[in-house]
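Student: Encoded as structure tokens, here's the structure I'll be asking about.
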Amino acid sequence: MKKRIAIFASGSGSNAQKIMEHFKRNDDAEVVLVLTNNPDAYVLQRADNFEVPSHIFDRHEFYETSRVVTLLRNLEVDLVVLAGFLWLVPQNLLKAFPNKIINIHPSLLPKYGGKGMYGERVHKAVLAAAEAESGITIHLVNDKFDEGEIIHQSKFKIEADDDLEMIKFKVQQLEHLHFPKVIEGLVKKMKVS
Ligand code: GAR
């Protein structure tokens, strides 16, 4: 039986796209649902293109009801992937999927993580601090922003003339390369355990 993946995303969804591409023809897992808090998120179009169903929720539904958990359970989801999802995950969802929710973050955590640190804000902070390197972190999700156990990190050197766009590009390249493979590694482990 293939493992079943649900992806949460709040924006463009380029990572969601890479994951859907990777698991389109794959013996280990499939993407069964894309969820978003943002009705205008481009990730919805990407999900449509892959014929993956999607679900839009609002703050009330996510934090005050069990509808999202019920939906994931009904679809027999095994792994929840946050790919550019900007809301804190509520307790009921954490409890329903213990150690089965992962997130990607565009820096080398614990540096440049926490509330309000997402997307370009992270890269701007990295540049302002004149860091010699940056990278990506894939980690388990807990009840705090960007603090769960780290599963994977990869990094790159920041060159003297790297600007915001270049850092963004280098981070995105690493994310697109590694995120699907790390997910594949996790689902393979889930199959044998
Ligand atoms: C990614 O760079 C991801 O690491 C970041 O949002 C971007 C989403 O891009 N996530 C965070 O900053 C979470 N704190 P995408 O919508 O093109 O996949």
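Throughout, read-outs are computed from the coordinates displayed, never taken from laboratory work. What you see is a predicted model; the values in this text were computed from it and never measured. Cβ: placed from backbone, ideal geometry, glycine included. Neighbour counts: every protein chain shown.
Student: Only residues that are outside any strand (DSSP E or B) and in contact with a Gly (Cβ under 9 Å, 6 or more places away or on another chain): list them for segment 1-19, please. I'd like the intermediate steps shown before the answer.
Tutor: Of all residues in segment 1-19, those outside any strand (DSSP E or B) come to 1-2, 9-19.
Correct list: ALA9, SER10, GLY11, SER12, GLY13, SER14, ASN15, ALA16.
Student: Counting only residues that are within 9 Å of the ligand (Cβ to nearest atom), among the β-branched types (Val, Ile, Thr) and not in a helix (DSSP H, G or I), how many does segment 74-130 have?
Tutor: Of the residues in that region, 1 qualify.
Student: Give the number of residues within segment 32-59 that are under 23 Å from ARG73 (Cβ atoms), outside any strand (DSSP E or B) and among the polar types (S, T, N, Q).
Tutor: Restricting attention to segment 32-59, the residues satisfying the condition of being under 23 Å from ARG73 (Cβ atoms) are 32-37, 43-44, 47, 50-59.
The next check asks that each one be outside any strand (DSSP E or B); those that pass are 37, 43-44, 47, 50-53, 57-59.
Those left that are additionally among the polar types (S, T, N, Q): 37.
Adding up the residues that qualify gives 1.
Student: Return the residue satisfying two criteria in turn: it lies in segment 148-166 and is of a type in the set (A, V, I, L, M) and either at positive phi or over 19 Å from the mean Cα position of the chain (by Cα) (or both), and of such residues it is surrounded by the fewest Cβ atoms within 10 Å (Cβ to Cβ). Break it down stepwise before answering.
Tutor: Within segment 148-166, the subset of a type in the set (A, V, I, L, M) is 150-151, 158, 160, 164, 166.
So of that shortlist, the ones also either at positive phi or over 19 Å from the mean Cα position of the chain (by Cα) (or both) come out as 158, 160, 164, 166.
On the way: ILE158: 19, ALA160: 5, LEU164: 12, MET166: 15.
Checked segment 148-166; the qualifying residue surrounded by the fewest Cβ atoms within 10 Å (Cβ to Cβ) is ALA160.
Student: Looking at segment 116-143 only, could you name the residues that are small (Gly, Ala, Ser) and either touching a Lys or Arg at 6+ places or on another chain (Cβ under 8 Å) or farther than 17 Å from LEU88 by Cα (or both)?
Tutor: Of the residues in segment 116-143, the ones small (Gly, Ala, Ser) are 116, 119, 125, 128-130, 132, 134-135.
Selection gives ALA125, ALA128, ALA129, ALA130, ALA132, SER134, GLY135.
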